[in-house]
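The next block holds one structure in the form of structure tokens; read it before the comments.
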Ligand SMILES: C[S@@+](CC[C@H](N)C(=O)[O-])C[C@H]1O[C@@H](n2cnc3c(N)ncnc32)[C@H](O)[C@@H]1O
């Protein structure tokens, strides 16, 4: 039994069954026992690998995207370069290195990292030594100003609430203690919940009995805050994650441990938990905050439009011995059977701004 499971069972004993969102928040974010609080989960020795850890090209192209958006915004003398959930700091380091080629950008950019994990903050401090980043627990703590924001595989870690369609209507799913096994089990609320209104109308109507709907109030709140900041101060945001473009029913909550799928309830705090990002819901929330949404487009399409093929060729010319490695990384990032289509990119800008690089007509 994990320390996080103990903490969760004590909370259930005190408060009753937890929403799936509260369970996810405990398992991932508990300040002492949570998954992210206790480890660096990235890379071959960890539980999963992300795009910036596959190749420097990913962060470099996103850095150039930011520098381009800065120029399009009139090259303000001070711009906040914000990353949500920066992992090991790899994306930001690659982005800053690439964007140094754009005159004036590095001097204008103030680096702000939104990160809750002390282990990963330490790792980011090492990777970004000399770049003077500032850390924050939440976007709301980042100062005001024109902002370029990137978030790769951040929203999929934010908690989701789940509802299940029954014969008698929608019921919220909860995580309860299982007296028979001493473990945890899923249960349904006996009564309808006012929170049911969070389910998109198109999903709520017509879903057959047994369907599961997911909503992520935390994701919506963050997307709205991004939209409000862009509307008030200008800039652009780029969100890359795996998920679906339109709302749909389905239980997408999954646990990954040691690069393999695991049971969601089995070892809270020891396995990564994620849910598919609903890009329509992020876009809606950002629009409600006053921004425009562009895309989503496939990660492969975006990276090709930003020049990943040319960047791979340049790297290969400079390091001929790494040709096979560079080609394999490029294909993993853009391949339709790899990350190219499943991963989606959504851009946010102030309302009325033209589409940023990679999102307009080719
Ligand atoms: C899946 S990792 C992705 C890391 C990095 N973006 C990458 O692509 O390698 C998720 C990141 O988000 C951070 N994180 C998760 N939940 C968070 C929250 N609620 N607030 C701030 N950071 C969070 C994690 O600690 C980690 O840095």
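Nothing in this text is a laboratory measurement; each read-out follows from the coordinates by a stated rule. Source: prediction; values computed, not measured. Every residue, glycine among them, receives a Cβ derived from its backbone with ideal geometry; neighbour counts consider all protein chains shown.
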**OP:** Just subtract the alpha-carbon distance of residue 305 and residue 191 from 0.36 nm times their residue separation and send over the number in nm, one decimal.
**Re:** 36.1 nm
Subject >> Centroid-to-centroid separation of the range 103-130 and the range 342-357 [C-alpha atoms, Å] >> reply: 23 Å
Original post:
Of all DSSP beta bridges located in the range 116-258, what percent are antiparallel, nearest 5?
Top reply: 70 percent
Subject >> Using alpha carbons only: equivalent-ellipsoid semi-axes of the range 288-362, gyration tensor based, whole Å >> reply: 30, 14, 8
Subject >> Principal-axis tilt of helix 118-127 within the chain, Cα atoms, nearest 10 degrees >> reply: 10 degrees
Subject >> GNM flexibility winner over the chain from 262, 45, 98 (Cα, springs under 10 Å) >> reply: 45
**OP:** Run the quick spin-label model on residue 341 and residue 228: label points 7 Å from Cα toward the beta carbon, then report their separation in nm to one decimal.
**Re:** 3.9 nm
**OP:** Mind pulling the per residue volume of the convex hull built on the Cα atoms of the range 10-115? Å³ is fine.
**Re:** 133 Å³
Subject >> Helical mean residue ellipticity (222 nm; -39500 (n - 2.57) per DSSP H run of 4+; nearest 500) of the chain >> reply: -10500 deg cm²/dmol
Original post:
So between residue 323 and residue 121, what do we pick up on full extension, going 0.36 nm a residue minus the alpha carbon distance?
Top reply: 69.4 nm
Subject >> Sites residue 1 and residue 134 - FRET efficiency at Förster radius 41 Å, r taken between beta-carbons, to 0.05 >> reply: 0.60
Original post:
Among 82, 277, 209, whose mean-square fluctuation peaks in a Gaussian network model of the chain (Cα, cutoff 10 Å)?
Top reply: 209
Subject >> Chain lengthening between residue 202 and residue 332 when straightened (0.36 nm per residue, less Cα-Cα) >> reply: 43.4 nm
Original post:
Roughly what % antiparallel, to the nearest 5, for the DSSP beta bridges in the chain?
Top reply: 60 percent
Original post:
Once both axes come from the Cα atoms, what is the angle between helix 90-99 and the longest principal axis of the chain, in degrees from 0 to 90, rounded to 10?
Top reply: 20 degrees
**OP:** Take every Cα-Cα pair in the range 201-297 and report what % of them are more than 16 Å apart.
**Re:** 63 percent
Original post:
Kirkwood hydrodynamic radius (Cα pairs, Å) of the chain?
Top reply: 21.3 Å
Subject >> Global form of the range 144-260, assessed from the alpha-carbon gyration tensor, a/c cut-off 1.5 >> reply: prolate
**OP:** Return the percentage of antiparallel bridges among DSSP beta bridges fully within the range 216-362, rounded to the nearest 5 %.
**Re:** 90 percent
**OP:** Compute the acute angle (0 to 90°) between the alpha-carbon long axis of helix 3-15 and the principal axis of greatest extent of the alpha-carbon atoms of the chain; round to the nearest 10°.
**Re:** 50 degrees
Subject >> the range 43-105 shape via C-alpha gyration tensor axes, a/c threshold 1.5 >> reply: prolate
Original post:
Using a Gaussian network model of the chain with C-alpha springs under 10 Å, which one of 134, 25, 280 is most mobile by mean-square fluctuation?
Top reply: 134
